[in-house]
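So the structure is just underneath, and the comments pick up after that.
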Amino acid sequence: MRLVLDTSVVAKWSLEEQDSAAARRVLYDIEAGVVEAHNSTLPSFEWLNALTKGLDRLDDVHHSLHLFDGLVARNALTQHPASSPALLHAATLASLDTRSQGQVSAYDAVFPALAPDSDATLITADAAHVHKTEGAFSAVVLLSEYAS
């Protein structure tokens with residue numbers, strides 16, 4: 001199974017929030033080799049911001065960064081650079097009026113833009129994002145509905 005992880009999923013590996021247990025199941029499946037994970041390099045700063053605001057100790061932030069780096073180093077998580085073709089694809093997706101509910105931001109469109117390139121399903125904890133993009137881009141699944 002191939003998944004594109006948005007920031008809401010990755011942040012829940014370390015933060016205690018709703019659906020953190022489901023996010024950790026995704027992490028377990030990545031580490032077990034059941035899931036081939038993909039992510040963009042673009043949201044790294046958003047993720048770091050979530051960690052520094054959500055974790056009490058700097059050591060916990062370091063541990064989370066080490067976990068993420070370990071996944072990348074072992075090729076368990078493929079990070080896609082913010083290349084011009086990927087950004088152009090995201091801009092195209094962001095210009096669509098999805099489900100007559102307005103446009104998805106260019107930032108949020110980066111994740112579904114990666115999904116077809118890696119033949120993967122986008123996974124997110126953001127129900128509004130799922131509702132706007134479902135059927136318009138690629139396969140999208142809500143984190144709370146994830147089953148390995």
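The values are calculated or read from the model by the stated rules, or taken from the named source; none is laboratory data. Not measured: the values here are computed from a predicted model. Reconstructed Cβ throughout: ideal geometry from the backbone, glycine too, with neighbour counts over all protein chains shown.
A few remarks follow.
- Residue in region 43-65 that is modelled with pLDDT under 85, surrounded by 18 or more Cβ atoms within 10 Å (Cβ to Cβ) and of a type outside the set (Val, Ile, Thr) present: yes
- Options Ser20, Ser44: the member that is closer than 21 Å to His80 by Cα, out of contact with any Leu (no Cβ under 9 Å at 6 or more places or on another chain), small (Gly, Ala, Ser) and free of Cβ contacts under 8 Å to residues at least 40 places away in the same chain: Ser44
Yes or no, residue by residue, for (1) within 14 Å of Ala125 (Cα to Cα); (2) in contact with a helix residue (DSSP H, G or I) (Cβ under 8 Å, 6 or more places away or on another chain); (3) not basic (Lys, Arg):
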| position | (1), (2), (3) |
| --- | --- |
| Leu42 | no, yes, yes |
| Trp47 | yes, yes, yes |
| Thr52 | no, yes, yes |
| Asp59 | no, no, yes |
| Phe68 | no, yes, yes |
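- Those residues of region 10-51 which are within 13 Å of the chain's Cα centre (by Cα), of a type in the set (S, T, N, Q) and assigned to a helix (DSSP H, G or I), in sequence order: Ser44
- Residues that are at pLDDT 75 or above, farther than 15 Å from Leu77 by Cα and of a type in the set (A, V, I, L, M, F, W, C), drawn from region 114-136: Ala125, Ala127, Ala128, Val130
- Residues that are free of Cβ contacts under 8 Å to residues at least 24 places away in the same chain and part of a helix (DSSP H, G or I) within region 62-81 comprise His62, Leu65, His66, Asp69, Gly70, Val72, Ala73, listed in sequence order.
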